[in-house]
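> This structure is in structure tokens; I'll ask about it shortly.
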Amino acid sequence: MSDKDNFLTYLEWRGDLSFDKSPFNCVDALIFSQLIYLNFDNLLEQPFSSQISLYSLNRNFINAGNYSERCMMGAMINDGIPGLMDQCANSQRFGKVQVCGYVSILDRSAEIQFAAATFILPDKKHTRVIAYRGTDDSFLGWKEDFNLSYMDVIPSQKQALIYYKKARKALKGRFILAGHSKGGSDAIYSALNCTPSERNKITSIYNFDGPGFKQEVIDSKTFSLIKNRIFSFYPQFSIVGMIFKHDRRFEIIHSNGKSFMQHDPFSWAVTGNKFVNDIDFTDDSKFFAKSFNEWVTRLNSDEKKKFVDNLFDLCWASGKEKIADFEKEKISSTAKIFSAFSKLPSEDKKALKENMMVFFKVFMENMPLFSIFNPKNLKLRS
């Protein structure tokens, strides 16, 4: 394999091996973390007792009347995921995986974008893998991410914990939690906040370029109890994953994507059943991480909330709910945003401008500094 191979190549190489012959690994976890981005509404029932094979689910997905619409992943999610599921479903390794417990919530009034499903492996242990969906293409999903700047807990994290508790009660056994982007943060949050007996049933947690937590969470006793079970992975140009604080043990993955597009796992290099590692983050990634996190600390909670609310009210003023829809009518949508901005109360306009000036000021102050992460302190997973 070369550093241009990704998990699709892995499927070609490992797809004929069962989970008993080749045990579950980090690449498998990433694949499930991508499959949960698909719209399974009306194709999967919520009860954990109602299970369907991935092969059958894929057939139902393909035969759905709105198949083309379901394949539209949006501007921020790779449109190769439907093909990924088809390749998984027709492989010996994944085809017999049972899927259940699908939940999807998109509620603007509650400011929550959440989805999860449980995948039961056809191995001797019937391993349960809960995959949490990351941020989708909706403005709502991105607003919930921004809410992390001033909220201790966001709604999707609460739902992730509720979901794990329900799955644990219904299915028993041991669990693996996984998620990409916000889904990775949801997975860690669930493990941190369940009961000790529930936590003991979690064998591992996979976090793929997910945002971090406050330093006090990382320093907590509870975090110390699960940190050896957390496997975190970030591309060398990480933006989402470098927000807030993380444990110092993680892998940096070589990505063939450019800039922010390295957040897309389709660009992550795979060799065998592992990722291809890089030794350090790019200077641009370090610069953004230091600047963003410092900007967050300079604003108080009320300022951050006001800024986020105003920012996304302007996004919704475009008349669009999704980034992809905005992109299709960029000129008219942008015009609506400027019109909405002109109608804001003067104090809101002032607050938006001032907060953006703080943001740019912090960026300018940090531009020469590229030492936030020291490779000597980095401990790669073996």
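> Taking the Cα atoms only, what angle lies between the long axis of helix 54-63 and the longest principal axis of the chain, rounded to 10 degrees?
The helix 54-63 is inclined about 60 degrees to the chain.
> For the stretch 48-179, give the magnitude of the charge dipole about the Cα centre (Cβ charges: +1 Lys/Arg, -1 Asp/Glu; no others), in debye to the nearest 20.
Details: 17 positive and 11 negative charges, 205 e Å.
In debye, rounded to 20, the stretch 48-179 gives about 980.
> Between helix 283-298 and the chain, what is the angle of the helix's C-alpha long axis to the longest principal axis, kept within 0 to 90° and rounded to the nearest 10?
The two axes meet at around 60 degrees.
> When Lys and Arg each count +1 and Asp and Glu each count -1, what net charge do the other residues less than 10 Å away from Ser267, Cβ to Cβ, add up to?
Overall, the nearby charge balance is +1.
> Mind checking the per residue accessible area of the stretch 257-368 for me, 1.4 Å probe, whole number of Å²?
Here the per-residue accessible area is 55 Å².
> By how many nm would the segment from Glu329 to Ser22 grow when fully extended, if each residue of separation counts as 0.36 nm and the alpha-carbon distance is taken off? Before the final figure, lay out each step's value.
On the way: separation 307, 0.36 × 307 = 110.52 nm, distance 4.75 nm.
The Glu329-Ser22 span can extend by a further 105.8 nm.
> Tilt of helix 346-366 relative to the longest C-alpha principal axis of the chain, in degrees (0 to 90, nearest 10)?
70
> Could you tell me which trypsin sites (Lys or Arg not before Pro) in the stretch 251-304 are loop residues by DSSP with no more than 12 other beta carbons within 10 angstrom of their beta carbon?
Qualifying residues, ordered by number: Lys258.
> 222 nm [θ] for the chain, helices only, -39500 (n - 2.57) per DSSP H run of 4+, per residue, to 500?
Working: 16 runs with 165 residues, N = 382.
Computed ellipticity for the chain at 222 nm equals -13000 deg cm²/dmol.
> Only four residue types carry charge here, +1 at the Cβ of Lys and Arg and -1 at the Cβ of Asp and Glu. Report the dipole size of the chain about the Cα centre in Debye, rounded to the nearest 20. Please report the intermediate quantities before stating the final value.
Working: 51 positive and 44 negative charges, 254 e Å.
For this selection, approximately 1220 debye.
> Just to confirm my numbers, what's the Cα centroid distance between the stretch 260-336 and the stretch 128-181 in Å?
19
The values are calculated or read from the model by the stated rules, or taken from the named source; none is laboratory data. As the structure is a computational prediction, the values presented were derived from the model and not from experiment. Note that each Cβ is placed from the backbone with ideal geometry, even for glycine, and that neighbours are counted across all protein chains shown. Just the protein is used for accessible areas: all its heavy atoms, side chains included, with ligands, DNA and RNA removed. Shrake-Rupley method; radii C 1.70, N 1.55, O 1.52, S 1.80 Å.
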